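Here's the structure we're looking at; comments come further down.
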Amino acid sequence: MSSTERTPLYQMVQEYLRDLITSQVLKVGDRIPTEKELMERFGVSKITVVNALSGLVHERIITRVPGKGTFVNDTEIEIPTTPPKSAVKHVVRTIGEMQTRLIGLIMPSIYDYFTIRLVQGIQQALNENDYRCVIYLSEGNIDKEKEAIKTCIKIGVAGLLIFPVDEELFNEEILSMKFAGFPFVLIDRYLPGVETHYIASDGRLGINMAVNYLWELGHREIAICSDSPIQTVTVQERIDGYMNAFKEKGSLINPAHIVTDFEIGSLDYAETHPLYRYIQNRMATAYITLNGSLGVKILQIARQAGLKVPEDISIISFDDPTSIIEGYSTFTHIKQFERDMGYRAAYTLLEVINSEDEQHGKYFKTLVEPELVIGETTGKNVISTS
């Protein structure tokens, strides 16, 4: 396990500066290398350098003087030129923020594999940068999401990561943060027509991969299924991608194969569910589910209906529902790299928080490229399509 552990980059920068100071290469009152010089020396991003310097400031090893630079500190030293009162207030405020170093994470739930891996990635990035995280669950309720945002700001978080509730009406608290310049990053979805920082998986590309693969296996009756209680931006993008994939093949789209707006409760009564009859009658030979848990339910319903997977029907799910343990997979699935997505979302937020530039009108918009992972739930279509 130790062979895979690496010293975080910001710690390498810190150790380099500590060595310069302890070896007296840099003495008390000397200015340390600039952020740009450190970025070039170590080949790291600005946020890595900023976090390294923030940690040394917090330890009182160095002192930042706005407009002058960063200097080797000493309890008895007077930094060259007394900073103005405004600069002193800035330093005090900065130290207070570093002591908090708290990030708010707001999401609907953490009960599925996607969000579990997402949180793991966020935690990893925050731990590497000495930040802590407080989590609020909106339970898919926009009023609870608004309350969570207000609470996070009230307790003094440095920024917010938000997996937003997706409704027709925008959350005005998110819009207020945007106009106030409060740091936040949206995860998995964005607000149409509103420019913000966000990171998401490329759902259209993922659906295209799934349709193309099933097409190669001889499937033509391919259903896309979503049990989301609301038509989220994410769901709509994937449905659009599904329709575009068929258009590219010159194939007609069967509206009956776009199966949405339903819920599956206990499978004890699955026989009474319309989806059970749809599957039992083999209306489709392949299914693409927009989340992993729905993929599992369709697999279970198919077995109850006396069908075999993948001999009778094939299933591709978004995200792997089999296990959160990497390297073990049964389902053919669209891997969205949710752990990496969470990691990059947290790093993006920290970069926004620590940026010294105003960056008005500049937003980080990241689409993570998914990957089709072939498992045991897809096979060739044995039903004649003639």
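The values are calculated or read from the model by the stated rules, or taken from the named source; none is laboratory data. Model, not experiment: these values are computed from the prediction. Reconstructed Cβ throughout: ideal geometry from the backbone, glycine too, with neighbour counts over all protein chains shown. These accessible areas exclude ligands, DNA and RNA; they are computed on the full protein's heavy atoms, side chains included. Shrake-Rupley method; radii C 1.70, N 1.55, O 1.52, S 1.80 Å.
Summary of computed values
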| item | result |
| --- | --- |
| Accessible area (Å², 1.4 Å probe, nearest 10) - TYR363 | 80 |
| Length released on extending from LYS27 to SER109, taking residue separation times 0.36 nm less the Cα-Cα span | 24.4 nm |
| Rounded Å value of the spacing that divides the Cα centres of region 107-129 and region 210-274 | 28 |
| Rounded accessible area of PHE246 (nearest 10 Å², 1.4 Å probe) | 10 |
| Largest to smallest accessible area among GLU173, GLU15 [probe 1.4 Å] | GLU15, GLU173 |
| Packing-based ranking, highest mean first, of 143-151, 208-216 given that Cβ atoms within 10 Å are counted | 208-216, 143-151 |
| Candidate lysines for bridging to LYS27, where Cα separation is under 20 Å - those fewer than 8 sequence places away on the same chain excluded | LYS68 |
| Region 107-196, accessible area per residue, ligands and nucleic acids excluded (1.4 Å, Å²) | 47 |
| Mean Cα-pair separation over length for region 194-331, i.e. relative contact order, pairs under 8 Å, 6 or more apart, % | 24 |
| Förster-model FRET efficiency, 41 Å R0, ASP19 and GLU263, C-beta, rounded to 0.05 | 0.10 |
| Trypsin sites (Lys or Arg not before Pro) restricted to DSSP loop in region 178-272 with at most 12 other C-beta within 10 Å | LYS249 |
| For region 223-269: relative contact order, % (alpha-carbon pairs under 8 angstrom, 6 or more apart) | 60 |
| Label-reachable residues, region 33-49, where backbone N falls under 14 Å from a point 7 Å from THR366's Cα toward its Cβ | 45-48 |
| Rounded accessible area of PHE337 (nearest 10 Å², 1.4 Å probe) | 60 |
| P(r) weight above 24 Å for region 204-307, C-alpha pairs, percent | 20 |
